[in-house]
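In what follows, a structure is listed as structure tokens, so that the remarks can point back to it.
Every read-out reported here was derived from the displayed coordinates using simple, explicitly stated rules and does not represent laboratory data. The structure displayed is predicted, hence computed values, not measured ones. As a convention, Cβ positions derive from the backbone with ideal geometry for all residues, glycine included, and neighbour counts pool all protein chains shown.
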Amino acid sequence: MLKDTSVLLDERRIFKPNYELVEEAHVKNWEAELEKGKDLEKYWAEKSEQFEWFKPWDKVLDESNKPFYKWFVNGKINLAYNAVDRWISTDKRNQVAILYVNERGEEKKLTYFELYREVNKMANALKNLGIKKGETVSMYLPMCPELLISMLACNKIGAMHSVVYSGLSVGAFVERMNDAKAKVLITADGTYRRGKIINLKNIVDEAVLQCPTIETIVVVNHTGSDIEVSDLSGREIFYDRLIEGESDECEAEEMDAEDPLFILYTSGSTGKPKGVLHTTAGYMVGVATTLKYVFDIHDGDLWWCTADIGWITGHSYVIYAPLLLGTTTLVYEGAPDFPDPGAWWNIVEKYGVTKFYTAPTAIRHLMRFGEKYPQIYNLSSLKVLGSVGEPINPEAWMWFYKNIGKEKTPIMDTWWQTETGMHLISPLPVANLKPGSATLPLPGIDADVVDEKGNSVPLGKGGYLVIKKPWPAMFRTLYEDEERFVNVYWKEFPQGFYRAGDMARKDEDGYYWIQGRSDDVLKIAGHRVGTSEVESSFVSHSAVAEAAVIGKSDPIKGQVIKAFLILREGYELNTSLIEDLKKHVRYELGPVAVLGEIEQVDKLPKTRSGKIMRRILRAQEEGEELGDTSTLEE
Ligand code: 6R9
């Protein structure tokens, strides 16, 4: 990761805004907007006015019990009401809300009115299954309309959802499911990927044997595979059957601004996955405002964020922000390069996508196939591009800018996290851009780069990225683990700053250059993967006594896994064991855990208290200085 940094620091190119865009932009003067954002409470109070509240809030921000901040105190609101119902009485009623497209070229359109009815039917069905306000519904679904409908149905009745990415497999699924303790699971028969149908139901069948809380499993017959009603067990029901006959009217539950909205699991460097908990009103204000300003959303836009809904980018920017703004969101199911590497550009041309948001790993992957594919298509509908998930290297930035944006569409490099809920560091379309820099904290956000003590470091010097003041879409806790919430994020700096877990540097203009994680979290193809989860999946294999994994730089995926294993007596690391280990980890965690190399070792570097020092392994691997080894066992 750090190797990239030297390249970044030499990056001096500046790209001026496209003046045609600036003329119509919501924000025409970046500096003035940043200045306005300094009065944080006033700024966010103003942004809350875009919604219909059942009851207005009394106070913007309550800081009396840090770090348990509260936003829009005593306000009453409902997300689904604002994302869907609100538009039914406007001229958006018959506008497409969700444009579903898959790699087979099939499409399905749901207008706001159709979405309204579908959400209501599902909301009523969930109530009939006994789901009450405050309870959790789990979902393990591909990118299909039923996923968006089910999430909105939960919001409508005040239930939380916990979506598990459908690229995670049995082990990861079981852990997340049992932590959230849901009674209802919504899943599907399968998903389309690179010309094949991946069977999801098999994974679920196996996993739920270990999930005692699940009483009902709702199955979306998505790929039309041949499961019959008679194949379902007593606790399973088809989605279509479930909503059959349900009323398409359902009153929106009046939610307190701080009522829980959803849990989304993300990986840390130690222990089990963290159930990041977001609440209602602040999240709504944060995601809608950032999408509106960062991508300059107007009526008539066609928005496409390529992230899977199973990750925070999908939650915030495939479903919630675009619908809260009343825009059309394109939901794509499939691979970026199927049936050929022009697949995405074909969709941009066919539907006239205006704003396009993706990840550096996808750009690097598509770059490999050259300029030929983007040249086949007319991409002139595009106005703003975006990047998220990991630092974008200047080469990928330039390729994206030249070949997709045709040197007229700015690239919004947005830095944020599952925990932050919304973009925090990002340019606006009026900004001067530098390839590889996320530029400045957004208006209303107070960030900094500091040393161990929390003091600002001089420009040009690296340090820890912190957020100094609360922001509306911040997570409120880790599900049923307040202690971990406080310890992991808020303890490190005595000033009470939020510790992001990233290293960063500000250049002479104050622009931020994010340098990657300061902890042992991996970013594989933009997906967050915890070292400890990978290690425990290795150790659950009968051949492995101990395991340590690190991220190894990879030109396409950013990072892949390099594993160091101590094998049990009688085992030897031969090709068949390597294959078996790969299969095992894939079974436990899913395709997100991309294994680069496996190396057999006799010993692992540990501290005297027995903690694996992955830093040492990393330094050895990259041929760097070992650094401080005073805590090393021997
Ligand atoms: C949204 C998302 C968060 C981590 C974060 C950082 C990395 C995300 C980035 C970026 C550099 C960007 N990250 N966006 N690094 N530039 N524009 O990815 O959330 O999965 O929780 O990961 O991703 O390391 O700490 P999440």
(request) Output ³J(HN,Hα) for segment 294-299: one whole-Hz value per residue in order, computed from phi by the Karplus curve 6.51 cos²θ - 1.76 cosθ + 1.60 with θ = phi - 60°, and x for Gly and Pro. (result) 5, 9, 6, 6, 10, 4
(request) Would you work out which of Trp57, Val84, Ala45 lies farthest towards the positive end of the dipole of segment 5-108? Charges go on Cβ: Lys and Arg +1, Asp and Glu -1. (result) Trp57
(request) Before rounding to the nearest 500, sum -39500 (n - 2.57) across all DSSP H runs of length at least 4 in the chain and divide by the residue total; then give [θ] at 222 nm in deg cm²/dmol. (result) -7500 deg cm²/dmol
(request) Read phi for every residue in segment 486-499 and hand back ³J(HN,Hα) as whole Hz from Karplus 6.51 cos²θ - 1.76 cosθ + 1.60, θ = phi - 60°, with x for Gly and Pro. (result) 5, 5, 6, 10, 10, 8, 4, 10, x, 6, x, 6, 7, 8
(request) Using +1 at the Cβ of each Lys and Arg and -1 at the Cβ of each Asp and Glu in segment 360-506, identify which of Pro458, Pro443, Gly370 lies farthest towards the dipole's positive end. (result) Gly370
(request) For every other residue with a beta carbon closer than 15 angstrom to the beta carbon of Thr328, add +1 if it is Lys or Arg and -1 if Asp or Glu, then tell me the sum. (result) +3
(message) Out of the GluC sites (Glu not before Pro) in segment 535-622, which ones are loop residues according to DSSP with at most 14 other C-beta atoms within 10 Å?
(response) Glu569, Glu572
(request) State to the nearest 20 debye the size of the charge dipole of segment 521-622 about its Cα centre, where the only charges are +1 on K and R beta carbons and -1 on D and E beta carbons. (result) 500 debye
(request) Under 1.5 on a/c is rounded, so check that first for the chain, then, if it is not, pick prolate when a/b is larger than b/c and oblate when it is not; a ≥ b ≥ c are the square roots of the alpha carbon gyration tensor eigenvalues. (result) rounded
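Excluding Thr414 itself, calculate the net charge of residues whose Cβ lies under 15 Å from the Cβ of Thr414, where each Lys or Arg counts +1 and each Asp or Glu counts -1.
-1
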(request) Pick out, in residue order, every one of the GluC sites (Glu not before Pro) in segment 293-388 that is DSSP loop and has at most 15 other C-beta atoms within 10 Å; say none if there are none. (result) Glu371
(request) Counting only C-alpha contacts under 8 Å and six or more residues apart, can you give the relative contact order of the chain as a whole percent? (result) 14 percent
(message) Please report the spacing between the Cα centers of segment 364-440 and segment 114-144 in Å, no decimals.
(response) 35 Å
(message) Give me Leu185, Leu209 sorted ascending by neighbouring Cβ count inside 10 Å, so fewest comes first.
(response) Leu209, Leu185
(request) Classify segment 206-335 as rounded, prolate or oblate, taking a ≥ b ≥ c as the square roots of the eigenvalues of its Cα gyration tensor: rounded when a/c is under 1.5, otherwise prolate if a/b is larger than b/c and oblate if not. (result) prolate
(message) Let me spell out the model: positive unit charges on the Cβ of Lys and Arg, negative unit charges on the Cβ of Asp and Glu, origin at the Cα centre of the chain. What dipole size does that give, in debye rounded to 20?
(response) 600 debye
(request) Between beta-carbons, use under 13 Å as the cut-off and find the net charge around Pro341, counting Lys and Arg +1, Asp and Glu -1. (result) 0
